[in-house]
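Encoded as structure tokens, the structure appears first; notes follow it.
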Amino acid sequence: MIFIAIGGSLGCVLRFGVSNMIQNSAGASFPWGTFAVNIIGSFFIGFLAEMFDAVIVPSQWRSFATIGFLGGFTTFSTFSFESLNLLREKEYLYAFGNILASNVVGIAAVVAGIFAFRIIYKLTSGN
């Protein structure tokens, strides 16, 4: 459990910094910061899941990376809240764009992470 707590703490702090940096740079009504961290996290969960299938990694480190770090780094609740706020503000295009793009691009990012690991593994293992 301590591995998950440490990973979650680190993921939350990094999410706060990355999300705010992106949102402040974008300066738009669309929640780019939350979108970005969720897509980045989706890519890495795909990458790590594939890596954990190919490489022996102790369970506590798997939990640290996936449940802890990536669980803290990504944020479904903020995505949901920001989407609802966009609907309340009658920003329907942004709201539905956020909902659709987050899901479609998020799943595509998981797949991209899986393939990225496979390519790296193949290049580095000599297979």
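The values are calculated or read from the model by the stated rules, or taken from the named source; none is laboratory data. Bear in mind the structure is a predicted one, so any value in this text is a computation, not a measurement. For neighbour counting, all protein chains shown are included, and Cβ atoms are generated from backbone atoms with ideal geometry for every residue, glycine included.
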- Message: Can you list residue pairs whose Cβ atoms sit under 9 Å apart, with the first residue in the range 63-77 being under 10 Å from R15 (Cβ atoms) and the second being of a type in the set (K, R) and assigned to a helix (DSSP H, G or I)? Count only pairs 6 or more apart in sequence or on different chains.
- Response: G72/R15; F73/R15; T74/R15; T75/R15
- Within the range 76-99, is even one residue within 26 Å of F3 (Cα to Cα), among the hydrophobic types (A, V, I, L, M, F, W, C) and assigned to a helix (DSSP H, G or I)? yes
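Matching residues to (1) in contact with a Phe, Trp or Tyr (Cβ under 9 Å, 6 or more places away or on another chain); (2) surrounded by 13 or more Cβ atoms within 10 Å (Cβ to Cβ); (3) under 13 Å from T34 (Cα atoms); (4) not charged (D, E, K, R):
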{"site": "G72", "(1), (2), (3), (4)": "no, yes, yes, yes"}
{"site": "F81", "(1), (2), (3), (4)": "no, yes, yes, yes"}
{"site": "L87", "(1), (2), (3), (4)": "yes, yes, no, yes"}
{"site": "Y92", "(1), (2), (3), (4)": "no, no, no, yes"}
{"site": "G113", "(1), (2), (3), (4)": "yes, yes, no, yes"}
{"site": "A116", "(1), (2), (3), (4)": "yes, yes, no, yes"}
{"site": "Y121", "(1), (2), (3), (4)": "no, yes, no, yes"}
{"site": "T124", "(1), (2), (3), (4)": "no, no, no, yes"}
- Task: For the range 48-74, name all the residues that are at pLDDT below 95 and not in a helix (DSSP H, G or I).
- Result: V55, I56, V57, P58
- Message: Pairs needed: first member in the range 42-59, more than 19 Å from S102 (Cβ to Cβ); second member anywhere, charged (D, E, K, R); C-beta distance under 9 Å; at least 6 residues apart or different chains.
- Response: L48/R62; E50/R118; F52/R62; A54/R118
